[in-house]
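Structure, as structure tokens:
The values are calculated or read from the model by the stated rules, or taken from the named source; none is laboratory data. The model shown is predicted, which means the values in this text are computed figures rather than measured ones. So basically every Cβ, Gly included, is an ideal-geometry build from the backbone, and we count neighbours across all protein chains shown. All accessible areas refer to the heavy atoms of the entire protein, side chains included, with ligands and DNA or RNA removed. Shrake-Rupley method; radii C 1.70, N 1.55, O 1.52, S 1.80 Å.
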Amino acid sequence: MWRRGEWIYALLVFLALLLEGAALAYLGLVLTARAFGALPYGQALGALLLSVWLTALVLGGFGVYILLYHAYTEAKEGRERALREAWLARFTEALFGGPLPPPPWPRPALEALLSLRETLKGEMAEQVTNWLRQARPPWEGLLRSRLASRPARLEAMDALAQARFPEALPALLPYLEHKDPVLRLAAARAAARLAAPEDAPLLGEALLRSGLPRGGLLEILLLLEDRALPVLEAFLDRGGPRERWAALEATGRLRRHDLVEKVLPFLAETDPELKAAALRALWRLGHPPSGYEGEVLAALFAPQEFLRVQAVRVLPLLGNLAEKALWNRLGDPSFYVRRAAAEALKALNPDLLAEAARAHPDPYARAMARQVLEEAA
């Protein structure tokens, strides 16, 4: 859950610093006056004692507040946990034919329903979603309110994502262009979890304008799972470098064989990150780079280590061209490229890897071949 009451702590810190600053300023003036003989010793000593006592009171007040706050929150969380478990038992009983408590339900009941919705699938999950609709939760209203705090909005987004309300997508889409990057990413995550398959194109258009970092975009695509195809196509066709990189990564991880024809042209990209992502996608899909064999072989000599690693992994998909190229890459200056070449050669032709362990002209290649063979044994 998002933290509440932060403004109270911030106010206390501000007041404490203000009091301490005033006390130190007063003490500084008094001691300066005493140094020039303008004040008697007793008055300066009184100012010093006053500052010390004020500091002690501020520190003591902070300590008492923190202890009381922890005691209060622990007791409150214990009560809420007990209520949530009680409501969870009642809703579980209702799923199996028992009586359903009539709404409206308190906050612990809604949290119990959200927990059930996260756990269940199929018809029971849909039943829990319908119960949540009956409760008329305030989450969409919080997102549309201009007075809602940031923690309240984040909580509402999280709750909507767990509830899987497709009808809440219009309330989330404006946040994909919000100036706050935290709200923007949270809204994208929630939208990816609750969007219906027919809403995926609309979400894809909003994501293209969101300006999210590529890691965030990849996370959203993976959350979409089998609904990701329209968004992947939009990213690959009209996205910038971040969107295309995320789409290439997600294509491989989601095993989208239907997008291979869109991935292949990226092997001719000049951007090494995009080219490496395309190679990685083909490797995960197990699809040969048909028509782009030259680009793969050229990538074996790229100055970027990560690009050579991905090209080596794809080599076994080239058939007869692979063995000689892998033999040569065993002598690559990079440890990671040699490792990838040895593992690929082990999968393609273990006898050739054994020969490399004995007779490769590069001592580092021989050592790597022996290491991979020993691990396999």
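The table below lists the values:
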{"quantity": "Any chance ARG280 is open to solvent by 10 Å² or more (accessible area, probe 1.4 Å) and under 16 Å from ALA347 (Cα atoms)", "calculated": "no"}
{"quantity": "In the range 289-326, residue modelled with the lowest pLDDT [restricted to those that are over 17 Å from GLU269 (Cα atoms) and either open to solvent by 60 Å² or more (accessible area, probe 1.4 Å) or not in a helix (DSSP H, G or I) (or both)]", "calculated": "ASN320"}
{"quantity": "Enumeration of residues in the range 26-44 that are open to solvent by less than 70 Å² (accessible area, probe 1.4 Å) and among the aliphatic types (A, V, I, L, M)", "calculated": "LEU27, VAL30, ALA33, LEU39, ALA44"}
{"quantity": "Among residues of the range 250-270, those that are under 21 Å from GLY216 (Cα atoms) and open to solvent by 50 Å² or more (accessible area, probe 1.4 Å), counted", "calculated": "2"}
{"quantity": "Filter result for the condition that a residue is at pLDDT below 95 and among the aromatic types (Phe, Trp, Tyr), over PHE235, PHE165", "calculated": "PHE165"}
{"quantity": "Test for TRP87: is it closer than 22 Å to ASP158 by Cα and open to solvent by less than 30 Å² (accessible area, probe 1.4 Å)", "calculated": "no"}
{"quantity": "Every pair of residues 6+ apart whose Cβ atoms lie under 9 Å, when the first sits in the range 23-49 and is free of Cβ contacts under 8 Å to residues at least 24 places away in the same chain and outside any helix (DSSP H, G or I) while the second is open to solvent by 70 Å² or more (accessible area, probe 1.4 Å) and polar (S, T, N, Q)", "calculated": "ALA38/THR32"}
{"quantity": "The listed residue being in contact with a Phe, Trp or Tyr (Cβ under 8 Å, 6 or more places away or on another chain) and either farther than 25 Å from LYS121 by Cβ or open to solvent by 40 Å² or more (accessible area, probe 1.4 Å) (or both), out of ALA206, ALA234, ALA156, ALA246", "calculated": "ALA246"}
{"quantity": "Positions within the range 174-183 being touching a helix residue (DSSP H, G or I) at 6+ places or on another chain (Cβ under 6 Å) and either closer than 16 Å to LEU221 by Cα or not in a helix (DSSP H, G or I) (or both), in sequence order", "calculated": "LEU176, HIS178"}
{"quantity": "Residues within the range 107-128 that are surrounded by fewer than 17 Cβ atoms within 10 Å (Cβ to Cβ) and either in contact with a Phe, Trp or Tyr (Cβ under 8 Å, 6 or more places away or on another chain) or basic (Lys, Arg) (or both), tallied", "calculated": "2"}
{"quantity": "Test: residue in the range 34-50 that is at pLDDT 80 or above and basic (Lys, Arg)", "calculated": "no"}
{"quantity": "Residue in the range 345-358 that is farthest from the chain's Cα centre (by Cα), counting only those that are aliphatic (A, V, I, L, M) and modelled with pLDDT under 90", "calculated": "LEU348"}
{"quantity": "Complete set of residues in the range 136-153 that are more than 24 Å from the chain's Cα centre (by Cα), touching a residue at least 12 places away in the same chain (Cβ under 8 Å) and surrounded by fewer than 16 Cβ atoms within 10 Å (Cβ to Cβ)", "calculated": "ARG136, PRO138, ARG144"}
{"quantity": "Single unsatisfied condition, PHE62 versus (1) among the aromatic types (Phe, Trp, Tyr); (2) in contact (Cβ under 8 Å) with a residue 40 or more places away in the chain; (3) over 30 Å from SER149 (Cα atoms)", "calculated": "(3)"}
{"quantity": "Residues of the range 49-64 classified as farther than 15 Å from LEU18 by Cα and surrounded by 14 or more Cβ atoms within 10 Å (Cβ to Cβ), total", "calculated": "1"}
{"quantity": "Set LEU116, LEU57, LEU95: member being modelled with pLDDT under 90 and more than 25 Å from ALA168 (Cα to Cα)", "calculated": "LEU57"}
{"quantity": "Near pairs, Cβ below 9 angstrom, 6+ apart or cross-chain, from the range 317-333 (farther than 17 Å from ALA365 by Cα) to any residue that is open to solvent by 30 Å² or more (accessible area, probe 1.4 Å) and assigned to a helix (DSSP H, G or I)", "calculated": "LEU317/TRP283; LEU318/GLU293; LEU318/LEU297; LEU321/GLU293; LEU321/LEU297"}
